[in-house]
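All remarks here apply to the structure that follows.
Just so it is clear, none of the values below were taken in a lab; they were calculated from the coordinates. Because the structure is a prediction, the values reported are computed rather than measured. Note that each Cβ is placed from the backbone with ideal geometry, even for glycine, and that neighbours are counted across all protein chains shown.
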Amino acid sequence: MNDRILVATRKGLFTWERRDRWKITRTAFLADPVTMVLPDARDEALYAALNLGHYGVKLHRSDDGGEAWEEITPPAYPQADDDDTSLRLIWSLEAGGGDQPGRLWAGTLPGGLFRSDDRGSTWHLQRTLWERPERWKWFGGGYDVPGIHSICVDPRDSGVVTLGVSCGGVWTTRDDGESWECTGKGMFAAYMPPERRDDPAIQDPHRLVQCTSQPDSLWVQHHNGVFKSNDRGATWHVLENVEPSVFGFAVGVHPHDPSTAWFVPAVKDECRIPVDAQLVVARTQDGGESFEVLRQGLPQEHAYDLVYRHGLDVDRSGERLVMGSTTGSLWISEDRGDSWSCLSTHLPPIYCVRFA
Amino acid sequence: MPRVVFTPNLERHVAAPSVDVPGRTVREVLEAVFASNTRLRGYVLDDQGFLRQHVVVFLNGEIVEDRRHLSDAVGESDELFVMQALSGG
């Protein structure tokens, strides 16, 4: 199991470690919004993306586990004539494959995917995606402009990368970014005009995850519901039996069992709170045939915690889960979500949790 | 030479001492500062080279008009003051 958790929040980055008990062992960037954090298992580097209120998006790297940080150059958009083309947020950071030392991917607002091959020192916009005509159909979901929040690098082939875009659907490259295909067949957006309901390039996958040991299996928590793919994301089928709601942001998949996935349901659309103000986790262990509602250890009255896209993580064993909310609450489960222990109820609003 | 003063608020993130540098426009003056303090550039300007949305520059106490191209004229004895706009707070 992973005994370290990185918690990126509205007011800093907090490292939790399991000693005699779970405790905060390090704080960094205190009072600054940390929008994303990446522990790179290949060389144990840490990356933290900040969005300073006045001074913009910053990127930092640590080579000693988070004791010291070095500011590195964040991605930059090429010169443009419009008002929208400028880096607003680093929404996702992922490491490339084991055969790609130094490779990082960054998903950003307003919709650019950036690649680095030198541990984040320099970044290059993936024009092969940015210049696709379908991108003009993308629109904001969660923010005013579109953004890439999920990046899945296929463990079998590092040149296969699948993205989740809000709102721009699911995109896949099979040639390391030389070309991209919008691969959302089967997804639908019931809230859109009928003519656009099935358009793959306007779908709103809130979060996309891939099973490590069986990468053909991908799960999506979509604005419209839960979708699963068994063919590397080429086609998707909807799962409508998630209780208490098919709406939510986060999804986690078991690294060794593609049939087991977790979701954090909420009331749909304008009323984004837990159903009946009871925080629960929905789990399937049979590929979505059925879902269990897990609530042991979670607040069951007047709970208004919302778990965002990156607020749920599963460790490498698949037994331990961590979940952080917009209300600054943090929970851990040691038994696949059967029961949860509260680590804190007074952290800043949590953007991202990641095992390291 | 024009003088450039930065809000002490910036020091939390990056060194931003007051400096006297040559230049005939706000752009020229600021670029002269950034030439020897490259990290500071990204805190004041965005990736398009425009003044960040929540940063403001005063020229002798008046807000500069051209936030994109920073073309406002600067005199030899003028003072620029760079600070965080309260809109971003």
Legend entry - 28 Å Cα-Cα reach of residue A:137 towards lysines, excluding residues that sit fewer than 8 places from it in its own chain: A:185, A:228, A:268
Inset, instruction - Would you mind calculating the relative contact order of segment B:3-88 from Cα pairs under 8 angstrom and at least 6 residues apart, reporting the percent as a whole number? - result: 36 percent
Inset, instruction - Grab every C-alpha pair in chain B, bin the distances at 5 angstrom width from 0 up to the longest one, and report whole percents. - result: 3, 15, 29, 30, 18, 5, 0
Legend entry - Per-residue HN-Hα couplings for segment A:310-318 [Karplus 6.51, -1.76, 1.60; θ = phi - 60°; Hz; x = Gly/Pro]: 9, x, 9, 9, 10, 7, 5, 7, x
Legend entry - Cβ neighbours within 10 Å from other chains - mean over B:46-54: 6
Inset, instruction - Please identify the longest segment of chain A free of exposed GluC sites (Glu not before Pro), where exposed means a DSSP state other than H, G, I, E or B and no more than 12 other Cβ atoms within 10 Å. - result: A:68-130
Inset, instruction - Could you tell me which chymotrypsin sites (Phe, Trp or Tyr not before Pro) in segment A:105-200 are loop residues by DSSP with no more than 14 other beta carbons within 10 angstrom of their beta carbon? - result: A:139, A:143, A:191
Legend entry - Most mobile listed residue (A:346, A:149, A:124) in chain A, GNM with C-alpha springs under 10 Å: A:346
Inset, instruction - Just grab the label-to-label distance for residue B:54 and residue A:270, each label 7 Å out from Cα along the Cβ direction, in nm (one decimal). - result: 2.8 nm
Legend entry - Counted charge near residue B:29, where neighbours are those whose Cβ lies closer than 14 Å (Asp, Glu -1; Lys, Arg +1): -4
Legend entry - Estimated distance in nm for a label pair at residue A:240 and residue A:285, the labels positioned 7 Å out from Cα along Cα-to-Cβ: 2.7 nm
Inset, instruction - Would you grab the residues whose amide H sits under 5 Å from the one on residue A:93? Only those 5+ places off in sequence or on another chain, please, with H modelled 1.01 Å from N. - result: A:107
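For segment A:96-159, which trypsin sites (Lys or Arg not before Pro) pass both filters: DSSP loop (anything but H, G, I, E, B) and at most 16 other C-beta atoms within 10 Å?
A:156
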Legend entry - Cα-based reach from residue A:23 at 13 Å (exclusive), listing aspartates and glutamates while leaving out same-chain residues under 8 positions away: A:3
Legend entry - Table column - 3J(HN,Hα) (Hz), segment A:145-162, Karplus curve with 6.51, -1.76, 1.60, x for Gly and Pro: 10, x, x, 9, 10, 10, 9, 10, 8, 5, x, 7, 8, 5, x, 9, 10, 10
Inset, instruction - Could you work out, for segment A:237-356, what percent of all Cα-Cα pairs fall into each 10 Å distance bin, beginning at 0 Å and stopping at the bin that holds the largest distance? - result: 15, 51, 31, 3
Legend entry - Among B:22, B:49, B:81 - extreme Cα towards positive end, dipole of segment B:4-85, charges at beta-carbon: B:49
Inset, instruction - Loop only per DSSP, at most 11 neighbouring Cβ atoms within 10 Å: give me the GluC sites (Glu not before Pro) in segment B:1-68, ordered by residue number. - result: B:65
Inset, instruction - Quick one: compute the contact order of chain A, relative version, from alpha carbon pairs under 8 angstrom and 6+ residues apart, as a percent. - result: 12 percent
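Per residue of A:44-55, count partner chain C-beta atoms within 10 Å of its C-beta, then hand back the mean as an integer.
Counting Cβ atoms of other protein chains within 10 Å of each residue's Cβ and averaging gives 4.
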Legend entry - Fluctuation leader among A:84, A:257, A:154 - chain A, Gaussian network, Cα springs under 10 angstrom: A:84
Inset, instruction - Name the long-range amide H neighbours of residue A:186: under 5 Å, sequence gap of 5 or more, or other chain; modelled H, no Pro or chain starts. - result: A:236
Legend entry - Debye intensity ratio I(q)/I(0), log10, the protein assembly as shown, q values 0.07, 0.09, 0.11, 0.14 Å⁻¹ (C-alpha model): -0.36, -0.59, -0.86, -1.30
Inset, instruction - Would you pull out the residues with amide H under 5 Å of residue A:328's amide H, same chain only if 5 or more places away, H placed 1.01 Å from N? - result: A:350
Legend entry - Per-residue [θ]222 nm for the protein assembly as shown (sum of -39500 (n - 2.57) over DSSP H runs n ≥ 4, rounded to 500): -1000 deg cm²/dmol
Inset, instruction - Would you kindly derive the ³J(HN,Hα) couplings of segment A:210-215 from the backbone phi angles with the Karplus curve 6.51 cos²θ - 1.76 cosθ + 1.60 (θ = phi - 60°), listing them in order in whole Hz, with x for Gly and Pro? - result: 10, 6, 5, 7, 10, x
